[in-house]
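Just so it is clear, none of the values below were taken in a lab; they were calculated from the coordinates. On a predicted model such as this, the values are computed, not experimentally measured, just so you know. In this analysis, Cβ positions are derived from the backbone assuming ideal geometry, glycine residues included, and neighbour counts consider all displayed protein chains.
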Amino acid sequence: MQKDKFSPKFIFYYLNLLKIHYCIGGISLIDFTNYGIINKTNKNKIDIYILEKSIFKLSLFIFFIFLSGFYAKFELSSQNKRIKIRRKFLKNIYSYQDNTKYLLYLTKNLQNGYITIKSGGKLNYFKENDLDKKQFITKSYSSISYSDDKVKIKIPAKSNDFINKYESNLLSAVYKQYNTNFYDPKIVEKGVSLLSGVVNIIEHLKIEYWLEGGTCLGAVRDKHFIPWDHDVDLGIKFDSEKKLNLLINELNAIYKVESRKFSTKHRKQFNGTYRLIKISPNKSIFSKFKEQLLKNIGYKDEFCLDIFIFYKQPLNGDINNIVYKYVVFGKVGYHNRRYLEDTKKIVFYNREYKIPNKVTEWLETKYGPDWKIPREEWHVNLDDKTLNVNQKRFLKN
């Protein structure tokens with residue numbers, strides 16, 4: 001029985017042993033170049049670009065990692081073309097201290113000297129010379145939970161220049177392209193209907209709420225949904241587990257509802273079960289059949305309404321500094337109490353909704369001082385100032 005093993009010892013050992021042509025890519029390369037660790041942003045995911053064309057070598061690699069307790073799944077959809085490797089096989093026999101997911105992006109060589117990688121619904125182009133194995137150097141593996149000089153990884157030799165040249169491509173899995181957006185009048189109509197219907201239920205149950213995230217930004221700055229946004233956002237204050245379960249039951253009677261619980265890491269910190277409720281308008285059997293059919297051909301309708309649940313708690317244990325905390329992408333963030341103790345109203349699509357008090361100040365804390373300038377590429381995990389706060393505002397996880 002293998003005990004206390006770390007997955008990179010096996011994944012990168014076999015990549016290197018078989019002399020597979022690869023390099024670290026995506027946001028993993030940006031993290032390693034800027035911070036010296038490979039998974040600062042996506043703590044449990046590592047992006048690898050596979051440039052190897054030998055099916056025999058790749059088959060051997062998958063076979064060897066299978067014998068080491070890993071499961072390889074091909075994801076060939078409209079969003080990505082990659083192999084996802086996870087520690088799923090024979091967990092009782094193979095014991096690893098980490099649960100890292102390895103996303104191996106497949107590449108295609110074009111006749112005009114370019115290489116393409118499908119990531120985040122976007123076809124990314126790289127010059128073939130920039131991804132030539134002669135341009136790679138070897139570095140020691142280093143991550144948040146584990147580092148080892150004996151484990152070697154490949155990165156572009158001039159990684160700073162490579163990032164400057166291809167930053168948009170490297171971030172495509174983060175700033176991914178969605179199948180739905182508010183450029184479509186039908187999606188706007190669906191969004192208005194879903195928002196109004198959900199708020200009706202929330203108000204009926206006397207739960208305190210407000211327009212959150214991009215929905216609030218669009219309502220204040222643009223007076224409509226942000227065209228390139230793909231969902232609707234609400235925030236609610238946690239009152240009690242009983243009332244939250246009642247809300248979920250009421251919503252479930254009309255909509256398709258997915259309730260997401262806290263991870264083990266955050267469960268003890270919060271006095272509730274749920275961190276997020278995702279609501280989709282489709283409830284009928286026909287809609288479910290259509291949704292599954294589209295998924296089978298690689299299309300995913302990602303339009304939904306997200307309700308983020310905020311818990312009133314002390315900041316870093318200081319009972320004199322009470323804030324409203326929430327969790328998204330494995331990070332704890334918060335809103336200052338003075339923005340949410342009192343809310344105000346805004347007219348949005350011919351109906352009044354609640355928004356945070358001192359809303360322009362609140363928007364600056366979330367989006368930065370340039371919040372009035374539209375940005376099509378924006379992602380909570382990277383750009384949200386309530387999560388990626390300075391050292392003095394970091395929360396204990």
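Using 1/(1 + (r/R0)^6) with R0 = 51 angstrom and r between the beta carbons of Ser95 and Val347, what's the FRET efficiency to the nearest 0.05? Don't skip to the answer; put the middle values down first.
Details: r = 58 Å, r/R0 = 1.13.
For Ser95 and Val347, the calculated efficiency is 0.35.
Return the FRET efficiency for the residue pair Ile137, Lys19: r is the Cβ-Cβ distance, R0 is 25 Å, and the value is rounded to the nearest 0.05. That pair, Ile137 with Lys19, gives E of 0.95.
Placing dummy labels 7 Å off each Cα toward the beta-carbon, the span from Asn112 to Ser54 is 3.1 nm.
Residues whose amide H lies under 5 Å from that of Val328, counting only those 5 or more places away or on a different chain, are Gly333; hydrogens are built 1.01 Å from N in the peptide plane. Summary value for the chain: 12 percent relative contact order, contacts being C-alpha pairs under 8 angstrom separated by 6+ residues.
Under 5 Å between amide hydrogens, built in the peptide plane, is the criterion, and for Asn39 it picks out Ile144 among residues at least 5 positions away or on other chains.
For every helix of n ≥ 4 consecutive DSSP H residues, a contribution of -39,500 (n - 2.57) applies; sum these over the chain, divide by its total residues, and give [θ] at 222 nm rounded to the nearest 500 deg cm²/dmol.
The per-residue figure over the chain is -8500 deg cm²/dmol.
Here Glu364 and Lys73 are evaluated by their C-beta separation; at R0 = 30 Å the FRET efficiency comes out at 0.10. Shown here are the Rg and Dmax of the Cα trace of segment 2-170, at 15.3, 49 Å. Taking amide H atoms as placed 1.01 Å from N in the peptide plane, the amide H of Val151 lies under 5 Å from those of Tyr141, each 5 or more residues away in sequence or on another chain. In a simple Cβ point-charge model (Lys, Arg +1; Asp, Glu -1; nothing else charged), the chain has a dipole of about 1320 debye relative to its Cα centre. The phi-based Karplus calculation (6.51 cos²θ - 1.76 cosθ + 1.60; θ = phi - 60°) puts the 3J(HN,Hα) values of segment 164-180 at 4, 7, 10, 4, 4, 5, 5, 9, 5, 6, 8, 8, 6, 8, 9, 6, 10 Hz, whole numbers, x for Gly and Pro.
Judged by the mean number of other Cβ atoms found within 10 Å, the most tightly packed of the peptides 8-16, 259-267 leads the ranking 8-16, 259-267. Considered as an equivalent ellipsoid built on the Cα gyration tensor, segment 185-393 has semi-axes of 27, 21, 18 Å, the largest given first. So what J values fall out for segment 309-326 if you push phi through Karplus, 6.51 cos²θ - 1.76 cosθ + 1.60 with θ = phi - 60°, rounded to Hz, Gly and Pro as x? Once θ is set to phi - 60°, the couplings for segment 309-326 become 9, 10, 10, 7, 8, x, 7, 6, x, 8, 5, 8, 10, 8, 9, 10, 9, 8 Hz.
Seen from Glu364, the other residues with C-beta closer than 11 Å to its C-beta sum to a net charge of +2, counting Lys and Arg as +1 and Asp and Glu as -1. Recomputing P(r) over Cα pairs in 10 Å bins from 0, in percent from the coordinates shown identifies the correct label among [x] 4, 16, 18, 13, 9, 8, 9, 10, 8, 4, 2, 0; [y] 4, 20, 28, 26, 17, 6, 0; [z] 4, 19, 22, 19, 14, 9, 7, 4, 1, 0 as [y]. Across segment 214-230, rounded Karplus estimates of 3J(HN,Hα) from the backbone phi angles (6.51 cos²θ - 1.76 cosθ + 1.60, θ = phi - 60°) give x, 5, 5, 4, x, 5, 7, 7, 10, 6, 7, 4, 5, x, 8, 6, 10 Hz, Gly and Pro being marked x.
Across segment 11-111, Cα-Cα pairs more than 16 Å apart make up 60 percent of the total.
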